[in-house]
Amino acid sequence: MNPARRHEIFRRWREANPHPKSDLEYTTPFELLVAVILSAQATDKGVNAATHRLFPVANTPAAIAALGEDGLAPYIQTIGLWRAKAKNVVATCRLLLERHGGAVPAAREALESLPGVGRKTANVVLNIAFGQPTIAVDTHNFRVANRTGIAPGRTVEAVERALVKVVPAEFMHHAHHWLILHGRYTCKAQKPACPDCLISDLCEYRHKTPDPLAEAAAPRPAAGKARAKKPATNPSAPKAVPATKTGATKTAAVQATATQGAATGGAATRGAATKAAVTRAATKTAATKTAATRPAAKPPATTGPAPVRKAARRGT
């Protein structure tokens, strides 16, 4: 991203929100320090609910140290990891009393030596409480810096160094807040609100969320032409040889048709011969049956000398 585009992004953020503030509620640097320690892996809303109960009772290092871990627990047990945080807050209060007279130090090394205080917490306290040009990188501005192209980096430390280097000096004091607020409410992790984004035209993110209204208003492409239906064909009709066949293909098709015709004729001839043979056999069988049903012929008369008749005796 070129410097002119980056400058315009921060200019728009400043114009829209000239005096950004943290969502954590506090009144003193010590209350801010405690709130930021409690905010690790917790929401600002949850932290504010806890500190609303705690700070009216104890809002100084001496008062919280007097409560101890067991006395502090009931006020913050609605926050995740509250046991570890109670231990760190009480230990930090005691070190502030011992080393700094109960005041919050304005040096990074001194802050990071306190229990529960890392680089991000130190940057938040230094920037908000003491106005130093630091940028605390959390999950929100880490995402925004990489997604928009303002200050890409693979690690939190790399993004922090890049932001400190490229953010114009006139925007440095509030850059931390603008980045966090933009990531929390607009450039969200799952579905960024690109149609409502103030810097959408300057952002270099390639997979912007489309505007549903613009999609609905866009003209739809004309529907494609319907395919012409093929004419119905008689399945029993012989298939015609395509006219586009050439040379050997056409000759082979003609030969195949002639061969098929010859085979059909031969089959017809064989069928006729078989039928004739069956007819002859039936005729012969009928003749045989007729001969068997005729009566037997009488034998002819025997031939020989005629019988001699005796003369009748006459009386004398």
Exercise. Roll a 1.4 Å probe over the protein heavy atoms and report the accessible area of Lys21 in Å², nearest 10.
Key: 150 Å²
Quiz item: Restricting attention to the alpha-carbon atoms of region 36-195, what are Rg (one decimal) and Dmax (integer), both in Å?
Solution: 17.1, 53
Quiz item: Stretch Leu97-Ala4 to full length: gain in nm at 0.36 nm per residue minus the Cα-Cα span?
Solution: 28.7 nm
Practice problem: Classify region 62-142 as rounded, prolate or oblate, taking a ≥ b ≥ c as the square roots of the eigenvalues of its Cα gyration tensor: rounded when a/c is under 1.5, otherwise prolate if a/b is larger than b/c and oblate if not. | Solution: oblate
Quiz item: By a straight-distance test (C-alpha under 12 Å), which aspartates and glutamates pair with Lys120 as possible cross-link partners, with residues fewer than eight away in the same chain excluded?
Solution: Glu112, Asp138, Glu157, Glu160
Exercise. Ignoring everything but the protein chains, give the 1.4 Å probe accessible area of Phe30 in square angstrom, nearest 10.
Key: 10 Å²
Practice problem: Pairs to check: Lys21/Lys208; Lys87/Lys188; Lys45/Lys191; Lys21/Lys87; Lys85/Lys165. Give those whose C-alpha atoms are more than 30 Å from each other in this structure. | Solution: Lys87/Lys188; Lys85/Lys165
Practice problem: Could you please report the charge total around Val156, scoring K, R as +1 and D, E as -1 over all other residues with beta-carbon less than 13 angstrom from its beta-carbon? | Solution: +2
Quiz item: On full extension of the chain, what length is gained from Ala110 through Leu198, given 0.36 nm per residue of separation minus the C-alpha to C-alpha distance?
Solution: 27.8 nm
Self-check item: Where only alpha carbons of region 27-105 are counted, the Rg and the Dmax (Å)
Solution: 11.3, 32
Exercise. Using only protein heavy atoms and a 1.4 Å probe, report how much of Leu198 is accessible, in Å² to the nearest 10.
Key: 80 Å²
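The values are calculated or read from the model by the stated rules, or taken from the named source; none is laboratory data. Everything quoted here is computed from the prediction, not taken from an experiment. Positions of Cβ are backbone-derived with ideal geometry, glycine not excepted, and every protein chain shown enters the neighbour counts. Note: areas computed on protein heavy atoms with side chains; ligands, DNA, RNA excluded. Shrake-Rupley method; radii C 1.70, N 1.55, O 1.52, S 1.80 Å.
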